[in-house]
Amino acid sequence: MDSLQQRSSTVQEPPGAVPTYRPTPPPAWQPRTDPTPLLPDTEPLRVLGTDAVADADPALLLRLYAELIRGRRYNTQATALTKQGRLAVYPSTHGQEACEIAAALALEERDWLFPSYRDTLAAVARGLDPVQALTLLRGDWHTGYDPHEYRIAPLCTPLATQLPHAVGLAHAARLKGDDVVALAMVGDGGTSEGDFHEALNFAAVWQAPVVFLVQNNGFAISVPLAKQTAAPSLAHKAVGYGMPGRLVDGNDAIAVHQVLTEAVARARRGGGPTLVEAVTYRIDAHTNADDATRYRAAGEVETWRAHDPILILERELTERGLLDEDGRRAAAEAAETMAAELRERMNADPVLDPMDLFSHVYAEQTTQLREQAAQLRAELEAEGEA
């Protein structure tokens, strides 16, 4: 019996037998890094209501508050526009405003934001015109804004497909020597998509300067997180890819800002990607087309209302003497001015050019697009003559 036959017969011996051959895993099977530093904390990081808030910059706290008030009003106005027929759909971030605002403020002007369809507020907080942010959801035009001008990728409706794009841009920037970080936003439902896995795997292998922010609001439309994953937390998924995971209270605006700022700084200095899970809650329904009462209890929603991001920040600012009635009134009035302008502009019927369907699809139009454009142009001219 040759050595190969001996090894085969030994491996197939009945239980209890002492094998004469025991395969040894090759070195590639061993852990490449120590997983301990990558593990997230057992509890979400909180700053508001703790001793750590004493180190927070008062000016930053006040700016976060003003942006949260503006963001809440933006959410309520956009939701009202759907009921008036001015928006086809609006996925509200009511209750998640702290994540949206912190994500925008954590980036430098040269960095890139990769939002999902729910993250119009983050885009607005980064400087995008509110009407342009809603153009896609209105169904009027392509993206509604120039991504290169604002360093904001197109709002992404397919779940998680923006994540590999963020990794690609960040990796390319690093290869070119550009000092650029990409921050990609996704919901807990998006972590169940293959694009999530591919993006995190490539990012870690390439050590791309990208930060992944998962807004865990409890539900992927109507599917609770417990039916999506059995992981201890979504932040723990980072360890399997070889990047650090951070867990933060998503309703604590200064805590989210701190964690994201640290992750962006780490990426910028060459430390690679970070996965941040912000634990928050979607107060409104998934969209205006959803009935959330079919899958969650009113008591659950009310419990989260007590942990509202505006409420807990306002309480801290008031207790520290940084916010008085005049300050609250000024923030509310600024938000109402924004909402009034948004309402007025969205109530005006847009002037649309059907030929825009063929613009900005390819840098150079394909033969098929040119043929289709010519056909539509001829039909429009014939209709005009008639």
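The values are calculated or read from the model by the stated rules, or taken from the named source; none is laboratory data. Just so you know, these numbers come straight off a predicted model, no measurement behind them. As a convention, Cβ positions derive from the backbone with ideal geometry for all residues, glycine included, and neighbour counts pool all protein chains shown. The accessibility values were calculated without ligands, DNA or RNA, using every heavy atom of the protein model including side chains. Shrake-Rupley method; radii C 1.70, N 1.55, O 1.52, S 1.80 Å.
I want to check the label-to-label distance for residue 55 and residue 143. Put each point 7 Å from Cα in the C-beta direction and report it in nm to one decimal. That separation, rounded to one decimal, is 3.7 nm. When the helices of the chain are scored as -39500 (n - 2.57) per DSSP H run of n ≥ 4 and the total is divided over every residue, the value at 222 nm lands at -14000 deg cm²/dmol.
Here the relative contact order of the range 36-347, from alpha carbon pairs under 8 Å that lie six or more residues apart, stands at 27 percent. Need one word for the range 287-329: rounded, prolate or oblate. Basis is the Cα gyration tensor (sqrt eigenvalues a ≥ b ≥ c); a/c below 1.5 gives rounded, then a/b vs b/c decides. Cα axes put the range 287-329 in the prolate bin. Peptide packing: for 293-306, 231-244, the average count of neighbouring Cβ atoms within 10 Å per residue gives the ranking 231-244, 293-306, highest mean first.
In the range 245-378, a dipole from Cβ-located charges (positive for Lys and Arg, negative for Asp and Glu) runs towards its positive end, and of 331, 270, 321 it is 270 whose Cα lies farthest in that direction.
Per residue, the range 213-281 exposes 32 Å² of accessible surface when a 1.4 Å probe is rolled over the protein heavy atoms with every protein chain present.
Full-extension gain between residue 375 and residue 315, please, as 0.36 nm times their residue separation minus the C-alpha to C-alpha distance.
Extra length available between residue 375 and residue 315 comes to 15.4 nm.
Under 19 Å of direct C-alpha separation, and excluding same-chain neighbours fewer than eight residues apart, residue 176 reaches these aspartates and glutamates: 108, 109, 111. Packing-based ranking of 277-288, 73-84 yields 277-288, 73-84, ordered from highest to lowest mean Cβ neighbour count within 10 Å. Classify the chain from the C-alpha gyration tensor, please: rounded if a/c falls under 1.5, else prolate or oblate depending on whether a/b exceeds b/c. Since a/c reaches 1.5 but b/c is at least a/b, the shape of the chain is classed as oblate. Electrostatic bookkeeping for residue 259 treats Lys and Arg as +1 and Asp and Glu as -1; over the other residues with beta carbon under 12 Å from its beta carbon, the sum is -2. Rounded to whole numbers, the Karplus 3J(HN,Hα) couplings from phi for the range 140-149 are 8, 8, 4, 7, x, 7, 8, x, 5, 5 Hz, using 6.51 cos²θ - 1.76 cosθ + 1.60 with θ = phi - 60°, and x at Gly and Pro. In the chain, a dipole from Cβ-located charges (positive for Lys and Arg, negative for Asp and Glu) runs towards its positive end, and of 312, 224, 186 it is 224 whose Cα lies farthest in that direction.
Within the range 232-271, the ratio Rg/Rh, alpha carbon atoms throughout and Rh by Kirkwood, equals 1.01.
Across the range 121-128, computed HN-Hα scalar couplings (Karplus, 6.51 cos²θ - 1.76 cosθ + 1.60, θ = phi - 60°) run 5, 4, 5, 5, 5, 7, x, 6 Hz from first to last residue, x flagging Gly and Pro. Under a model in which nothing but the beta-carbon of Lys, Arg (+1) and Asp, Glu (-1) is charged, the range 239-386 shows a dipole of about 960 debye around its Cα centre. The modelled label-to-label distance for the pair residue 325/residue 347, using points 7 Å beyond Cα in the direction of Cβ, is 3.1 nm. Please work out whether the range 161-228 counts as rounded, prolate or oblate from its C-alpha gyration tensor, where a ≥ b ≥ c are the square roots of the eigenvalues and a/c under 1.5 means rounded, while otherwise a/b larger than b/c means prolate and anything else oblate? It is prolate, given that a/c is not under 1.5 and a/b is the larger ratio. Using Cβ point charges alone (K and R +1, D and E -1), the dipole size of the range 36-347 about the Cα centre works out to roughly 620 debye. Take every Cα pair under 8 Å whose residues are at least 6 apart in sequence, average their separation, divide by the length of the range 154-308, and the relative contact order is 24 percent.
When the solvent-accessible area of the range 271-385 is split by element, carbon and sulfur atoms take up 50 percent of it, the probe being 1.4 Å. Here the accessible area is traced with a 1.4 Å probe on the protein chains. For the range 176-251, carbon and sulfur cover 54 percent of it. Accessible area per residue for the range 107-173, computed on protein heavy atoms with a 1.4 Å probe, is 36 Å².
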